[in-house]
Every structure is written in C-alpha cells, then in structure tokens.
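The block underneath contains the structure these notes are about, expressed in structure tokens.
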Amino acid sequence: MRYGYYPGCSLTGTGIEYGLSADAVIRHLNMDMKEIRDWNCCGASSAHNHDPLLSIALPARNLALAEQQGFREVAVPCAACYQRIKAAEVAARDPLKRREMEEVIEEELSGAIVARSLLEIMVHDIDDSALAAQIRRPLQGLKVACYYGCLLVKPRAIAMDEAENPMTMDHLMERLGATPVEWGYKTECCGGSLTLTRPDTGVQMTAEVLKYAKLAGADCVVTPCPLCTSNLDMRQGTAEKKLGRSLGLPIYYFTELMGFAFGLPMKTLGLDRHFVEATGLLQSLPVPASG
Amino acid sequence: MKRIGVFVCHCGSNIAHTVDCKQVADEAAAMPGVVHAQEYKYMCSEPGQVLIQEAVKEHNLDGYVVTACSPRMHETTFRKCAGRCGLNPYMVEQVNIREHCSWVHADKEAGTEKAIDLMRMGVAKVLKNEPLKAATIPMTKRALVIGAGIAGIQAALDIADNGFPVTLLDREHSIGGRMAQIDKTFPTLDCSACILTPKMVEVAQHPNVELMTYAEVESVGGFIGSFDVTIRKKARYVDTKRCTGCGACIQKCPSKVPSEFEMEMGPRKSIYVPFPQAVPNKPVIDAPHCRYLQTGKCGICKKICPTDAIRFDDQDEVVTERFGTIVVATGYQQFDISAYEEYGGGRIPDVITGMHLERLLNASGPTSGKIKRPSDGKEPKNIVFIKCVGSRDEAKNRPYCSKTCCMYVAKQATLLKEKLPASKSYIFYMDVRTGGKNYEEFYRRTQVDYDGHYIRGRVSKIFQVGDRLIVRGDDSLLGRPVEIEADLVVLAAGMDPQHDARELARTLGIAYDAHGWYTEAHPKLKPVETQTGGIFLAGACQGPKDIPDSVAQGSAAAVKASALLTKTELTGEPMIAQCNEAMCSGCGLCVTICPYKAITRQPKQERIHGKMRERMVSTINSGLCQGCGACTVACPSSAMNMGGFSDEQIMAEVDALCQR
Amino acid sequence: MSALSPKSGSPADCAVTEGHVGLPVLDPPPTAAPDTGKTKNGEWQPYIVGFACNWCTYAGADLAGLSRMQYPPNMRLVRVPCSGRVNPQFVLRAFQKGADAVLVAGCHPGDCHYGTGNYFTRRRFLLMQRLLTFMGVDPRRFQARWISGSEAPKFRDVVTELTEQVRPLGPNRLWREVEP
C-alpha cells in the first residue's frame, strides 16, 4: 500500500469536519490509502516546547509503524501533525539523531519513508483528468482566499511550498472551478498559539487575516489546518466585534470543497458542523446544466 | 665539473658583524667545484660587480654564488652583472645571509655556521643550474574592448588616443550600456545622456576605433600578444552600409514588442533602435518578433526603405581576429527581484525597480518623464523605497554591498520631489553608505531639503489591497512596526554579475569569485589586471561600481593595455615549466592543475621500431606559464620540471643542507 | 573529503597546521647520545629545513631580518616559487638525509600569488603527514604554516616554536639508522 493515513487527534475533535470530509474524499477517489494501526500523538504544540528529543521521537514512532506496516508514504491531513512528522523525517537523516530516536522508541528507522501533507498528495498525485472526471458541481464563481497558515510552509527544511506565496491550494481550487483571490495574508499567523495565553492579541491576528480576505473580495476562506480553522471559524464572532463590522466568511477545509465539487452530500462532509454558516454559500452556487 | 665562484659580501658591517665572512669564504674554497672564493665589503656596488666580472674572466667561471642580502633585493643586480661579462644570467644564485642570518642571529658562531650551510646550499644549486633563455613573444598592436558601456567606451577612447587601433565590441546593437538608461547622475544631477552621448559619438568617430556592435565573443585562443578571438556578428537583417538611419522602416513596422530598454514599460517595433541617441543609429530586426521572418508575410520595411537596405536573408557571421590585449568591461545586470516573494516577487505591477524608475523619470522614457505608476497610470503620492534588495542579504546569496543604491535612491527621491512636490518618499534602509566626493552632502540635502523620510529597518511584506500597496516593516530606531499605504514601491535592486559572466570568464581564462564578479590580480595593487597576462578589467564586471569609478578603471585599464601595445615584442619569463617529452605519458594531470591554462596536450609524431606513431604529450605555452611549478609536483612521471627551480636543483639544496 | 578539497576551511591558518593526525606515534625516544654533527657547546641542536614560497613566507622572513627580530638559528630556508612547488619527495629527502624537522610555508589560503598553489599544498600536507606518521615520524616534525609577507613576528614565532617543539623529540635517526 502506498499511503499510510495518519489522522491525528484534531480530526476526530475540533476538526471533525476535516476528518469526515478527508475520509469521504479519499474513499471517493478510491485512493491507495489506509490508516496506520496503533498511531500515537504527533507531539504537536506541546512536546517541542519542552523536550526536543520527545518532540521528534513521538512522530518518529509513527514513521516506524508506517514502515513496518508496509507503507511507502505517510499522508498527513493536519498541518501541525505534518510539521512534526516531517521534522522527525528530516531529523532521521542525521545518523546520530536517528540512533537516539531509535533508542527511545525501540523501533528501527530506515529513513526511507516520507511524510507528505494530504494537500500536496491531492494536488500532485491525482492527475488533472482523474480529478476533472469526478467533478459534478464545479465551484463556479466561488471566490476563495487560500489560507495556508504557517505550519505547512515554515521552516524551509520541512516546507511543502514556498513560504511567502504558496500556490498549491490555489491550483487545486482552480481545478475545482473556484477563483482564488490574490491576497497578502496566505501565511500570516492566525494567532493560534495566543488564543489561550493572550486572547486579545490572538483575536487581533485572527481578525487581520479575515479582514484582508474580505478586502481581497473573497467569499470564503479555505485552509488545510484544523488550528487555523478553529481560530478563523470559532472566533470569527469575536473578530467581528474587534473589527466593528460583520464578515460572514465561511471557513472550509479544502477537502470539504473537493467533496462538495464531487457531489458528495453536505452532511457526509461535515459542512453542517461549522460555526459560521457554511452550507448556504455553496448552495447558492450556480447549478451546472446537466449533461 | 662546472667551475664555480663564491662571492661573500660583508654588506659593510651588516653581515660581517655577526658572520665570519672569511670563514665562509674559506669553507667555500674547500668545496668541490668551487675554483674561486672571495669576500668584499659591498658586492652590489660598482667595484663589487667589477670584481665579480673580472673573477669570472680570470677563473673562467661557469657560474657563481653571491652570499649577501635577500635575492628579492639584488638577484636581478647579480644576474645582470653576469650578463655583462658573457655569462648566462641564470647561472647565478644569491644566498641570503643578511635578512635570514646576520640580522636575526646575534650569536656569531651559530650565525657563521648557518651562513656556511646556506652558502653550501647555493653552491650545490648552482652546480645544477642550466643556462636559460627567455622566449620572446610578438605583440599584435591592436586591442579589443569587450563591452561598450561607459567603462568600455572610456578604455577604448584612451587606447585610441594613445595611438593604437582598438575594436570596441558589444552584444547590444548600440553602445552606451546601462548608463544610457539612467536619467540623471548623482551627485551633480547632470543628465546622463548629456554626458554620455558625446562620448558615444566621439568613440564611434575616432579614426583608431572600430565599432563592432551586435556581436559576441565565441572563443578566445592564444595568449598575451596574440589572442585569437572568434566573434559572432549577429544577423542584423539591415545592411549598415546602405542604411542611412532615416527611421522610415521603424515608423511603418506593424508589430509592437515591449522594449527592453524601457524595462518593458513601453513598446518598440520589431525593427528598431533601442533609443533615439543610439550609436550606431541604424536599426536591426528582432527576428523572433518579425512578421516577415516568422510568417513570410509583411515585408513593409523592405518596401518602404528608400535605400534598399533590408536583407531578410542576412546570416550570422563568424570572424576570427587577432588582438594583442583585451580589456573586459562587460558590466552588470540588475538583480532579479523575483527572488523576493515577500515583496511580491515581481508580480505586483506597482512594485518596480530602480531602473524602472529611471525610465519613468526620463524625459524620453515611456511616460515622457511624467511619473505614472505602471498599473493604472496614476500619479503616485506616497512612494516607498526599499534599499538593499539583492544586496547585503545572505539569504539571497548576495552578501555584498551594491555600492550605488544608497546614492541612486537619494537621487531618485530628490527628483521625485522636484517632479511631484506633493509626494512623499519613505526610504527604508539598513545603513546609508555615501562614501564618495560630495555624496554625503547630497544625501543630507535629500533628507533636509527634499523631505526624504528615512526609516531604518527592513520591510517584511508588501501586499496589495485594492489599488494601494500595504508596506509593512519595522523602524528599528524607534523599535516598533511601521505600516505605510503606498501608491508606488521602488525596490533598490542591487547589482548582479551578467548572467553569462562565468561563461565569458572561462572563455577568456580569467578568474571570478563566488558570485561571478571577475577577480583582479591583486585586491590593492593590481586592481585592473587579471591573473591572465594581457587581459584587463574595467567597470562593474569586477564588482559593483558607480559611473566615476567605472570611468577611472576604464582609463586605468587603457593605460595598462597601451603600455603593452607600445612594445613590439614581449620578453617572457625564462624560469618556467619545461616538459621532457620523452618521459611524458600524456596523462594530462598537469593540464588541469595549471592555473594559467598554459599547458595543452598535443600530438607528437615519433618513429618507434621503424613505424611512425603518434602520442599525446604536454606542451607548455611560454607566454602563459608564470612559473608556479604546480605541474611539476602533479606530474607522476617527473616529466615536468622547472627552469631555475628544477627538481635536481632543489634536491641538491636539500642534500647540501643536510650533509654536515 | 571536504577538509581535503581546495578552498574549504577558514581562510586564516587552517586547522590542519595546528592539529596532528591521530595515528600512533612510533618515533623512537630521544637517546642519550646526541648526533655529533649537530652540536653546539656539546649540546644537540635541532636542524630544520624550511621550504618558503618566494612571495609570502620568504618575504616575511626578509621582513623579520629587516626588523632585526631574533630567533633560533636552527632553520635553513630553501626558496621555492610557490609552496605548491614543494614535491613530497623533497620532504622525504630532507628526512632521509637527517633533518630533524621540515616546515612548508606559503601564502595564506586565498592569497596565493599563483591563485591556487597553496590549496594543493594544504591537501598534500595532510596526506604527507599521515604517511610520515605511519612511517613512524612524529607529526610534530613536519608542519605547514601560512605566513604572509607582512607577518614577520609570525615567522619568528613559528621558527621559535618549531625549534622548541622538536627539541624534546631529539634527533631524527629513523632513516639515518637504516641508511647503509
């Protein structure tokens, strides 16, 4: 089997829509992908703050498991998980660090397996015609602001795309029929790590992202990151208060928009579970002439 | 055995004070091969030299050793002295018993002992010396200047004024280079064209100058005195002899192409001159954009040309010409801002470079000197300059300072304020570097009299919102973030070497640094020479430079080139590599190690067992070899040796030193 | 391999000149009976052959003389055009003929008069020192230094240091004893 699927914790919790829609899209595309058995926490957002070794050993175990289970690549939907697992993969290239990690996890690391974000797999591994063949409801006229956040593109050693102006998701959206807008906030911080410690500053940053998406003329924001989404979606009300204006920007995962374009039911994709109402905008899209 | 003389110099008391010179002479006299040993107070003086010459004659010496000061001081003196009495100058060795002995060792006994060792070393060496003769190289009295920007023009003019023929070559079809694109020059604000065009005309009309535009150097063979340069003269599709430059064809040409000269902000035609004052002022056809050459339909230029000068069947012409010396003045290109994604990577129309602004400021530019921003033609009010874009940035592999940006930004901010009094320029800088005559004063005026708002800090991001540009950076003096809503952003793009600078350097056999700037022979003392004899550097191809520096270097290179051209032949260095062809296996290791490309593998015909056979052997070009000896060590079969520092000589020295 | 490639390492004195190759040292311990050929006042003195490039180190030594710096009279300098001219055979010959130490000195990396000569010296030196160590020569007996034309004090210090480093090692008798 090619891809070992690593769902991570968010996709069953705060990012349930991401989990549901990713599942549905993967199944719909009949991809060569299966969940890694016995996966564990990737260590994101806490481990690397206090123990560098733990922060790479935790994700390294997932790489080792995937390899044992015969996968060649690890597909990671969550941006934070991707960042950690990729970091472990990069660290394992250093023989000294690898030995250290192997000792901790009591598993062997060959260094052959690679971690990839689900986004880049969807964009690079599924060819145009295969994708086009699945599209039932093209996202005609939908102006999307592609928001990548920081975790997929920084630092350079683990980045899946250019850090200043990534285009991977923009290309995917174009292929789905949507119109990505040119805007300057693709990788600005969503304020994620400040939501609990400094909520006032955090929400200011969330608000800036939403403000510039709106100014760029977007109807909605699309992301590959559960943390960004919970900030932009859940805290949009607070952000609106801060900005003193209403925004009403639905925040989608790219898999939700893929699933919608494929004609999958909204409920299956979790589109009914958003804080900012997300179904109406999609329903208002022009229905293509049947043919 | 050779008959050797030893002359021990006292250097007044400089040597004699701590070295027993008599003992040295006595020890020398006892050495095998030494037929005469003598001491004297000042060997380098006229009587001292006469004494040597008389001894050479009297004792019929084959060579001699002078134990005296450093050979770096007087080796030439004693070699010339030998030459004057009929001895080959290279049969002389000088041994250093002053700087390396008497002056550094107070103990007379130890000093004398060391002096005797050194004398023995010299005698052992001179016994192995062979007469050497310097080869002479003919000098072709003609110079080539590659690149006709201001540095190349200056170099060509100076060489021509010195009375030598010079060919001025440029790959563009007009001379003038970057300076022709610039509006006004700092710190005097005189118009660039007003000072450049007279020089362009002067060089074109000079009887000693041949212009060769729209031509590129393909290969360079030979060496100092006789460089054989193969030049590709690109097809112009216009017969320059017939063309009068009336411009009728340009007017009528139906196809429009973005003009490179105008930084693609204005159109040109497919048959065109890059700018009105071009020299030569005769158009060429841009074949990839010409309707007739691409589709066979059109040909309006041919129909309209009153002198029938259009030649659609024109072909590239390749010529090989011989030059005695070459001046390289290929200049720079502006840094490509697409590397700065945070500044829009070149995608935002109103984020332009310094050279774009030069064209917008210029009265003959695409906007006739009106400041209109590219996106919508509006007059900008808030203008942000960002310095050090592609300079002093290790992340972009440009750690060097481009030297000109601080001043051109100050100039542009001044000019903008003059043209748009209501505008405001914000200038983000890292440091302001204004070394140069009247430069600092100019910068102060920009700040004080022209309202240039200097902000120390870097810009982290530029993005568009509606028709405005949000520029975000920090003010590191106030320690706070800054956000400016701008109408136009000018990136002070730095200087890059020409994209093909490395290729040309390899063609010429000159060195370049990690970035592609050409390397001078010595950073302080040989600023226009290269490691390759006969090739000189001028202008920004050697490193970022402004106009005055380029002109000065152009003149300096011209002086160096002219000095060579005054000679009819050059005397080579006799202490160079020698190849024993009988021992050479033709492996070519010496070819790769030679820093001067002086060694080539060449076929050698030999009669072996009655049959003619051919094998490869190394051949040394005496014009290029500088005598470093690298090849001698690389050679696995000891076929490579070196005159004056042969394996035998050095081995004999080592033996003599250790044999006590 | 990177340490052996030209232009690697710092442009200043490269590390190879200071460290020693970590191979076992088989140099025989100093013997009580000094070589009679090299005594002063009945005391054994180290005898050192130095190869100095004409453009930097030889000029540095000249400057030391002009500045009247004093240093031990134990080294004899052989002038070569470039440190890259020093054939390993010259070094072996010096040891074979009984030199107690050999110094190869040239311009600082990057400053070679001929552009690249000293890069080759640097590589060759590393290999030579390993070879000599393998043969049983204490690596302290074979050293390379970069001394520019203006570094007269450095030249003085190098000669002084080298002499003092070699002194406790005693005479080099390795080849002397095997030579017929």
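Quick notes
- Considering only beta bridges that DSSP places wholly inside chain B, some 55 percent are antiparallel.
- Taking all protein chains as they are arranged and a probe of 1.4 Å, the heavy atoms of A:Lys242 leave approximately 100 Å² accessible to solvent.
- Protein heavy-atom accessible area occluded, C/B pair - total, 1.4 Å probe, Å²: 3900
- Neighbourhood charge, 9 Å Cβ-Cβ cut-off, centred on B:Val482 and excluding it, Lys, Arg +1 and Asp, Glu -1: -1
- Accessible area per residue (1.4 Å probe, heavy atoms of protein chains only) ranks C:Arg68, A:Arg93, A:Arg84 as A:Arg93, C:Arg68, A:Arg84, with the largest value leading.
- Summing Lys and Arg as +1 and Asp and Glu as -1 over all other residues whose Cβ lies under 10 Å from the Cβ of B:Asp431 gives a net charge of +4.
- Given +1 at the Cβ of Lys and Arg, -1 at the Cβ of Asp and Glu and no other charges, the dipole of chain B around its Cα centre is 1740 debye to the nearest 20.
- Amide H partners (placed H, <5 Å) of B:Asp170, local residues excluded: B:Gly147, B:Met212, B:Thr213, B:Tyr214, B:Ala215
- Within the range B:125-216, percent of DSSP bridges classed antiparallel, to nearest 5: 20
- Residue mean of other protein chain beta carbons inside 10 Å, A:184-192: 2
- Part-to-part distance (alpha-carbon centres) for the range B:264-333 and the range A:189-253, which is given in Å: 56
- Carbon + sulfur, % of accessible area of the range C:45-178 - ligands and nucleic acids excluded, 1.4 Å: 56
- Averaged over residues, the count of other Cβ atoms within 10 Å places the peptides B:557-570, A:102-115, C:93-106 in the sequence C:93-106, B:557-570, A:102-115, highest first.
- The phi-based Karplus calculation (6.51 cos²θ - 1.76 cosθ + 1.60; θ = phi - 60°) puts the 3J(HN,Hα) values of the range B:327-333 at 10, 9, 9, 8, x, 9, 10 Hz, whole numbers, x for Gly and Pro.
- Between B:Gly63 and B:Arg3, B:Gly5, the built amide H atoms are under 5 Å apart, and every one of these is 5 or more places off in sequence or on another chain.
- The sum of -39500 (n - 2.57) across all DSSP H runs of n ≥ 4, divided by the residue count of chain B, sets its helix-only mean residue ellipticity at 222 nm to -8000 deg cm²/dmol.
- Within 10 Å of each Cβ in A:211-224, the average number of Cβ atoms from other chains: 1
- Solvent-accessible surface of protein heavy atoms, probed at 1.4 angstrom with all chains present, puts B:Trp517, A:Trp39, C:Trp55 in the order C:Trp55, A:Trp39, B:Trp517, largest first.
- Shielding by partners for peptide C:114-124, expressed as the average number of C-beta atoms from other protein chains within 10 Å of each residue's C-beta, is 4.
- Dipole magnitude of chain A, debye to nearest 20 (Cβ charges: Lys/Arg +1, Asp/Glu -1, about Cα centre): 620
- Simple rule: put +1 on each Lys or Arg Cβ and -1 on each Asp or Glu Cβ in the range B:420-523, find the dipole, and look at B:Leu477, B:Ala514, B:Gln464; the Cα lying farthest toward the positive end is B:Leu477.
- B:Tyr512 - accessible surface, heavy atoms, 1.4 Å probe, Å² rounded to 10: 70
- Cα-derived Rg over Rh, computed across the range B:337-473 with Rh taken as Kirkwood radius: 0.94
- For B:Val238, residues with placed amide H under 5 Å, excluding near neighbours: B:Ile285, B:Arg311
- The distance from the alpha carbon centre of the range B:94-169 to that of the range B:524-550 is 21 Å, rounded to a whole number.
- Average Cα contact separation per residue, chain B, under 8 Å, 6 or more apart, as relative contact order %: 13
- For chain A, with all protein chains in place and a probe radius of 1.4 Å, 52% of the accessible heavy-atom surface sits on carbon or sulfur.
- Pairwise FRET efficiency - A:Ala157 versus C:Leu127, Cβ, R0 = 45 Å, nearest 0.05: 0.80
- Interface burial in the range C:86-105, defined as at least 30 Å² less accessible area with all protein chains than with the chain alone at a 1.4 Å probe, covers C:Asn87, C:Gln89, C:Phe90, C:Arg93, C:Lys97.
- Only DSSP H runs of four or more residues enter the estimate; each adds -39500 (n - 2.57), and after division by the residues of chain A the mean residue ellipticity at 222 nm equals -12000 deg cm²/dmol.
- Tail fraction, Cα-Cα pairs, the range A:3-119, threshold 16 Å, whole percent: 56
- The protein assembly as shown - charge dipole about Cα centre, Lys and Arg +1 at Cβ, Asp and Glu -1, debye rounded to 20: 1820
- Per residue, the solvent-accessible area of the range B:188-317 (1.4 Å probe, heavy atoms of protein chains only, all protein chains present) comes to 50 Å².
- The Cβ shell under 11 Å around A:Gln68 holds other residues with a net charge of -2, Lys and Arg each +1, Asp and Glu each -1.
The values are calculated or read from the model by the stated rules, or taken from the named source; none is laboratory data. Here the structure is a predicted model, which means the values were calculated and not measured. Here the Cβ is made from the backbone with ideal geometry for all residues, glycine too, and neighbour counts use every protein chain on show. All accessible areas refer to the heavy atoms of the entire protein, side chains included, with ligands and DNA or RNA removed. Shrake-Rupley method; radii C 1.70, N 1.55, O 1.52, S 1.80 Å.
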